[in-house]
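Novice: Here it is, the structure, as structure tokens.
The values are calculated or read from the model by the stated rules, or taken from the named source; none is laboratory data. Just so it is clear, the structure is predicted and the values come from calculations on it, not from any experiment. As a convention, Cβ positions derive from the backbone with ideal geometry for all residues, glycine included, and neighbour counts pool all protein chains shown. Surface areas here come from the heavy atoms of the whole protein model, side chains and all, with no ligands, DNA or RNA. Shrake-Rupley method; radii C 1.70, N 1.55, O 1.52, S 1.80 Å.
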Amino acid sequence: MSTHTLQPGPESALRGLDPVAMTFRCAATRMLLTSDGLTTPLLQALVRGPLRARARDVRTLSPEGLPPDIREALRPERTDDCLFRRACLLTATGLTVSDNTVAARSGVDLRVDRAVADPSQPVGFALAEAGLSLRRRIVRIGRATWPDGTLCAVKTYTLDSQGRPLLCIRELFNPHIVDATLRTEGHSG
């Protein structure tokens, strides 16, 4: 899996054309992975209905306790406390649409702390309701393993303020909803 960060470049026609995203067969998957806006409304459009959050784990960790890829993207100081949340987004029937890992530098902005700690709603919605406008920076897109062992699409991004990440979010997308097939798979000769 390749890491690619979307950056404005000299060629305006190439902006947003992430080479990893372009390898996915499904246009909806490519759009989901390259979007730098709220993910939940896009997922709701895919499933044609509302999604609710279910947090499985919300706790405070030292930076060393974070998954290495999230720690690297978040760039916390060694003395920082980090809020850590594992949650999923579910349809009204309980189908898991995404499996999310969120980490935030704790104590920097209490609105961020409250949004991460609120188990009742998606983090992006909680941040928007709190009036926070943060810059999204895609850190990595590609494929990972869904809990059942199937390959799935994954997107990791940071939410930045004043040039520094406040949160890092990694989203795994249910491969039965978000097609993780690459263009070259399933084609003969």
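Novice: Tell me which of these Ala104 doesn't satisfy, since it passes every other one: (1) closer than 21 Å to Ile70 by Cα; (2) open to solvent by 20 Å² or more (accessible area, probe 1.4 Å).
Specialist: (2)
Novice: When only residues in the range 49-70 that are basic (Lys, Arg) and touching a residue at least 40 places away in the same chain (Cβ under 8 Å) count, which is farthest from Cys88 (Cα to Cα)?
Specialist: Arg52
Novice: Against the condition assigned to a strand (DSSP E or B), at pLDDT 95 or above and in contact with a helix residue (DSSP H, G or I) (Cβ under 6 Å, 6 or more places away or on another chain), how does Ala153 come out, does it pass?
Specialist: yes
Novice: Considering only residues of the range 148-175 that are touching a residue at least 24 places away in the same chain (Cβ under 8 Å) and surrounded by fewer than 18 Cβ atoms within 10 Å (Cβ to Cβ), which is nearest to Pro19 (Cα to Cα)?
Specialist: Step by step, filter the range 148-175, then rank; the result is Leu151.
Novice: Got a sec? Which of Thr29, Thr96, Thr3 is surrounded by fewer than 16 Cβ atoms within 10 Å (Cβ to Cβ), of a type in the set (S, T, N, Q) and either at pLDDT 95 or above or touching a strand residue (DSSP E or B) at 6+ places or on another chain (Cβ under 9 Å) (or both)?
Specialist: Thr3
Novice: Still on this structure, please answer the following. Out of the residues in the range 108-147 that are assigned to a loop (DSSP other than H, G, I, E, B) and aliphatic (A, V, I, L, M), which is most open to solvent (accessible area, probe 1.4 Å)?
Specialist: If we take residues in the range 108-147 being assigned to a loop (DSSP other than H, G, I, E, B) and aliphatic (A, V, I, L, M), then Val108 is most open to solvent (accessible area, probe 1.4 Å).
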